[in-house]
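Below you'll find the structure, written out as structure tokens, and then a few comments.
Where a number appears in this text, it was derived from the coordinates with a stated rule and is not lab data. Bear in mind that the values here come from a model prediction, so they are computed numbers and not experimental data. FYI the Cβ positions are ideal-geometry reconstructions off the backbone, even for glycines, and counts take in every protein chain you see.
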Amino acid sequence: MKIISTNKAPAAIGPYSQAIVSGGFVYTSGQIPINPATGCIEAEGITAQTEQVMKNLAEVLSAAGTSFEKAIKTTCFLSNIADFAAFNEVYARYFIGKPARSCVAVKDLPKGALVEVEVIAEI
């Protein structure tokens, strides 16, 4: 097992790792739309926040030696299910391989985020 950490993505805001590599797979923690340079959510609206989440995930996946193309499963959390279509427009540009996915609406996300995404990918 190997802990993945990169300063190109937001630092964990709790007692967890950005990702773990085990058995030929990377398991990312959920990424919210924090700008890693400032530690704040600056993006407004679901489209901009989803773009930031994807940038953060790209950096974590890269640090683990993989990419969106090797994703096999994602779990997506939206603070408002009405954002589903707009979220999907951004998501589809990154996950072109169409990995398995769960997408649910939740009551609240950390720091008031509108979206959070976690990924399981092959190395």
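Quick one: in the range 103-123, of everything that is part of a strand (DSSP E or B) and in contact with a Lys or Arg (Cβ under 8 Å, 6 or more places away or on another chain), which residue is surrounded by the fewest Cβ atoms within 10 Å (Cβ to Cβ)? Looking at residues that are part of a strand (DSSP E or B) and in contact with a Lys or Arg (Cβ under 8 Å, 6 or more places away or on another chain), I get Glu122.
Scanning the range 1-40 for residues that are without any contact (Cβ under 8 Å) to a residue 60 or more places away in the chain and in contact with a Phe, Trp or Tyr (Cβ under 8 Å, 6 or more places away or on another chain), we see that the one that is nearest to Thr75 (Cα to Cα) is Ala19. Just to be sure before I move on: is Ala82 within 16 Å of Leu109 (Cα to Cα) and loosely packed, with under 15 Cβ neighbours inside 10 Å in the structure I sent? When the stated conditions are applied, Ala82 passes them.
Of the residues making up the range 53-67, at least one is outside any strand (DSSP E or B) and of a type in the set (Asp, Glu).
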